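A short worksheet on the structure shown next.
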Amino acid sequence: MNERVRLLVGTKKGAFILESDAARRDWSMRGPLCEGTAIHDMIVDPVSGAILAGGGSAWYGPSVWRSDDGGTTWSHSSAGMTYGDDQPAVVTVWSLATTPDGAILAGVEPAGLFRSEDGGATWAHVEGLTNHPTRPTWGPGAGGLIAHTIIPHPTDPARTWVGISAVGVFETRDGGASWEPRNVGVRAEFNPEDRFPVTGQCVHKFALAAGEPETLYQRNHCGVYRSDDGSETWQEITGNLPTDFGFSLVAHPRDPATCWVIPLSAPEEGRFMPDAHAAVWRTRDRGAAWTRSDDGLPTHDAYLSVLREAMARDTLDPVGIAFGTGTGQLWNSADEGDSWRMITDTLPEIWAVEAVVIGG
Amino acid sequence: MAIVLLPGSLIALFPGTARRHVVEGGTVGAVIVALDRSVPGLRDRLVEAGPRLRPHINVFVDGQPADLATNVPPEATIHVLPAVSGG
């Protein structure tokens, strides 16, 4: 066994790649990569092994970066990433995903989805999502009107879920031609005239349960939810979490009953870890109960925030969890969240963390 | 033929690209299209939907502020500069 773990870290000022052996205690670091472009999401194409990074530059616009040599050299493109010359310009890329049939999907701001069939060299607009009949009613969250979480169905290439802030979850079952809102049961407390609208929910992140493609967990502006019917309906599982609010969520790679969230204080109360006590919360029973995990994390004066893509898990046993903060600290656990160590506290503002096992 | 001077932060996106280029084109937009032929992808870094120059990109033709439609006289010198912005 010679497995190693890479953490791909997207920051306001470029990408960083950290690497450790399976113990996940001592890390090397490379960066900044991608020429200082703000990176909002990083993934690895499971087929080619390419590292993909999505983001944008205030000067030079949106881009998807690709490295086929482990992050040593990079290319970038946004060719075709436009709604047309009479439409708003695409500002930046917020999310990336690969599909079972070998394509790459990119979620952008203003909210929309683009698809690449050539490894990211050129992009085509997935018009069905942007042309949804509810589009005139879509409104931005604090981070803008953005398409973020993208989850292709693991076995059905015609199905994909996308999260749009602050609009909600959408699903296509026909390869992107048409989309349906999937927000039944999700609260929108900021809309007191209709707390359960068809769209207008502020989805922050969602993930598939391991081995159960019809079970999803959702981190929302207003609570945490689980769907057992492929997103048709959602049940709230906020339960004993200390607050309704937070951005990040990751699901266990093998146990469909386990996931992790990082609750934050209410939007009007700072959006940092409640009581300035750093903690990750884990459920082992599909959200029936949550347990605070803070061994090794600062329990006072920790005014930390963690954004939607800034927590990740690897696939080793036990599973490793890592999260990055808005103030540049990167933490990891090599024991499924039982204990934590700080890897570094000197990175730029962290937007994205991805954990990948290589070798073996 | 115009002389085009590109900023360091832009040529860093295209390793091996020179800062100084000699390019044919009657307008700034045409010059950028010509540049894109020798540096594929460069136009997308400077031009957004509209088409128009990206909001934080400034172009000067012989020292005067320009947009994509600005005429480029023969022997003109074109500076492309990123705005002083960021944090």
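No lab work stands behind these numbers, since they all come straight from the coordinates. This structure is a prediction, so every number in the text was calculated from the model and none was measured. Neighbour counts are summed over all protein chains in view; Cβ atoms, including those assigned to glycine, are modelled from backbone coordinates with ideal geometry.
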For chain B, what is the charge dipole size about the Cα centre, in debye to the nearest 20, if Lys and Arg each add +1 at the Cβ and Asp and Glu each add -1 at the Cβ? 220 debye
Ranked by GNM mean-square fluctuation in chain B (Cα springs under 10 Å), the top entry among B:47, B:31, B:59 is B:47
Ordered by number, the GluC sites (Glu not before Pro) in chain B that occupy a DSSP loop and have at most 14 other Cβ atoms within 10 Å are B:24, B:75
Checked against the positive end of the charge dipole of chain A (+1 on Cβ of Lys and Arg, -1 on Cβ of Asp and Glu, about the Cα centre), the farthest of A:339, A:40, A:191 is A:339
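Normalised by the number of residues in the range B:2-82, what is the relative contact order in percent for Cα pairs under 8 Å and 6+ residues apart? Please list the in-between numbers first.
Values: 129 pairs, mean separation 30.4, N = 81.
Relative contact order for the range B:2-82 comes out at 38 percent.
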Using unit Cβ charges (K, R positive; D, E negative) and no other charged atoms, how large, in debye to the nearest 20, is the dipole of the range A:1-116 about its Cα centre? 340 debye
Rounded if a/c is under 1.5, else prolate if a/b beats b/c, else oblate: with a ≥ b ≥ c from the C-alpha gyration tensor eigenvalues square-rooted, which is the range B:2-82? rounded
In terms of the alpha carbon gyration tensor, root eigenvalues a ≥ b ≥ c, rounded if a/c is under 1.5 and otherwise prolate when a/b exceeds b/c or oblate, the range A:274-360 is oblate
Per-residue mean of C-beta atoms belonging to partner chains within 10 Å, peptide A:76-87: 3
Just to be sure I understand the model, the point goes 7 Å from the Cα along the line to the Cβ. What's the resulting residue A:240 to residue A:173 distance in nm? 3.8 nm
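How large is the helix-only mean residue ellipticity at 222 nm for the protein assembly as shown, computed as the sum of -39500 (n - 2.57) over DSSP H runs with n ≥ 4, divided by its residue count, in deg cm²/dmol to the nearest 500?
Working: 4 runs with 24 residues, N = 447.
Calculated from helices alone, the mean residue ellipticity at 222 nm is -1000 deg cm²/dmol.
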Of the residues A:191, A:183, A:332, which exhibits the maximal mean-square fluctuation in a Gaussian network model of chain A defined by a 10 Å Cα contact cut-off? A:191
Which of A:348, A:134, A:22 sits farthest toward the positive end of the charge dipole of the range A:4-358, with +1 on the Cβ of Lys and Arg and -1 on the Cβ of Asp and Glu? A:348
If you build a Gaussian network model of chain A, linking Cα atoms that sit under 10 Å apart, which residue out of A:179, A:161, A:59 swings the most? A:59
Counting Lys and Arg as +1 and Asp and Glu as -1, each charge on the Cβ, what is the dipole of chain A about the Cα centre in debye, to the nearest 20? 320 debye
For chain A, what mean projected area does the convex hull of the alpha carbons give, in nm²? 16.3 nm²
Can you work out the PRE-style zone for residue B:22? Point 7 Å along Cα to Cβ, and I want the residues of the range B:43-87 with backbone N under 13 Å. B:75-76
Shielding by partners for B:29-41, please: the mean number of other protein chain Cβ atoms within 10 Å of each residue's Cβ. 1
Counting only residues 5 or more apart in sequence or on a different chain, those whose built amide H sits under 5 Å from that of residue B:25 are B:2
I need to check one value: relative contact order of the range A:191-260, counting alpha carbon pairs closer than 8 Å and at least 6 residues apart, in percent. 29 percent
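As an exercise, use a Förster radius of 35 Å and the Cβ-Cβ distance of residue A:131 and residue A:288 to find the FRET efficiency, rounded to the nearest 0.05. If you can, show how the numbers build up before the last one.
On the way: r = 40 Å, r/R0 = 1.14.
The calculated FRET efficiency here is 0.30.
Below 8 Å, C-alpha to C-alpha, sequence gap of six or more: please give me the relative contact order for chain A in percent.
Values: 1054 pairs, mean separation 46.4, N = 360.
Computed over chain A, the figure is 13 percent.
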Other protein chain Cβ atoms within 10 Å, averaged over every residue that makes up B:15-26: 0
Using a ≥ b ≥ c from the Cα gyration tensor of the range A:81-220 (square roots of the eigenvalues), is it rounded, prolate or oblate, where a/c under 1.5 gives rounded and otherwise the larger of a/b and b/c decides, a/b for prolate? oblate
Counting sequence-distant residues (5 or more places) and residues on other chains, those with an amide H built under 5 Å from that of residue A:344 are A:330
Residue A:173 long-range amide H proximity, modeled H, under 5 Å: A:178
Which one, A:330, B:26, A:116, is farthest towards the positive end of the dipole of the protein assembly as shown when Lys and Arg carry +1 and Asp and Glu -1 on their Cβ? B:26
